[in-house]
Amino acid sequence: METPKYLQVLWNYKWVLMFGALVAAVAAFFAGFAIVDGQVVSRAQQTWSAATTMLVTSPADRLYQAEVPGVPIQQGTSEPQVIDLASTALVYAYILSGDMIQDAVEAEIGPLDDETESITALRRTTQPTGDERFPGRLSLPVLEAVGTAETADRAEEISRAAAAAFTTYVVTQQDEQQLAPELRVQLEPIGASPAVEGDSSNPAIPVVVTFVGVFLAFVVLVFIIAGLRSRSAKRKAARAEKAAAAAEEPADETDAAPAMPAESADDIAPEVEVGELVGAGPPSRRSGRAAREDETA
């Protein structure tokens, strides 16, 4: 079976492809890794997350109370309404993730990188060891301020600063509304977890993509060079064929058959007997006989 044409082209330019593979390998290495202080460091983006947990409570909270004693009700006064702090914690999570808290955090620890750093918050719905990526069914007045960054220390710094900024914001709002101390919501810190490494990008993806892309570029270059050389060879062959055809063509009639010198009249005119008319035809049978009298008369 005959080898396909494209395989023949690739084999003829195998040295170019080998050089392309070497260039692609170098480019892929630097696409996936970097040399920092003499060490090879992966370019894969790593993220760290740290959380500061706060309990949303109040001075009249009955969390540690086993029984609620009865109270006298005065005539004309309604019974106090207890606000669901679990629902309040959900609203607080949105406020904590907003621009106001981020501005306060940036004023404290510096600007946040829009691509790698962020402030988020959530209300806990699971056990302490649970993961809020898979929410539970509980409604807890527990709020977490989460900081995300490329390093563990930076993530913890963002988380702590966000929790402090939100606590200050809540107190400021209560002061502006002139709420009595016994009616205020309190944010009580109950834990600051260390940063944990989150999901990072796959370092093999940029390496593979870069290698394949650069190598394919050399393959395309090989076919382009082969096409240009093929066209050039065809043009040269056409010119050579045209020149050979021009050399084999006969010359013009005037050149091929030169005029011959005119011959003498003796050579051209036929030999005739004396007294015989040229062009009169052969002599008749009567010639040579004696003329009759009637003919002579």
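Points to keep in mind about this one:
- GLY70 falls short on exactly one of the conditions (1) within 30 Å of LEU122 (Cβ to Cβ); (2) open to solvent by 50 Å² or more (accessible area, probe 1.4 Å); (3) modelled with pLDDT under 80, and that condition is (1).
- The test for being loosely packed, with under 12 Cβ neighbours inside 10 Å, at pLDDT below 85, more than 25 Å from TYR169 (Cβ to Cβ) and β-branched (Val, Ile, Thr) does not hold for VAL82.
- When residues in segment 199-228 are screened for being closer than 14 Å to PHE33 by Cα and of a type in the set (A, V, I, L, M), 5 of them pass.
- Any chance ILE158 is surrounded by 20 or more Cβ atoms within 10 Å (Cβ to Cβ), touching a Ser or Thr at 6+ places or on another chain (Cβ under 8 Å), under 28 Å from PRO128 (Cβ atoms) and of a type in the set (Val, Ile, Thr): yes
- Matching residues, segment 201-219, being open to solvent by less than 60 Å² (accessible area, probe 1.4 Å) and not in a helix (DSSP H, G or I): SER201, PRO203
- Set GLN46, GLN8: member being of a type outside the set (Gly, Ala, Ser), open to solvent by 50 Å² or more (accessible area, probe 1.4 Å) and in contact with a Gly (Cβ under 9 Å, 6 or more places away or on another chain): GLN46
- Yes/no for VAL91 being part of a loop (DSSP other than H, G, I, E, B), of a type outside the set (S, T, N, Q) and loosely packed, with under 13 Cβ neighbours inside 10 Å: no
The values are calculated or read from the model by the stated rules, or taken from the named source; none is laboratory data. These numbers come from a predicted model, not from an experiment. Reconstructed Cβ throughout: ideal geometry from the backbone, glycine too, with neighbour counts over all protein chains shown. Calculation scope for accessible area: heavy atoms of the full protein, side chains included, ligands and nucleic acids excluded. Shrake-Rupley method; radii C 1.70, N 1.55, O 1.52, S 1.80 Å.
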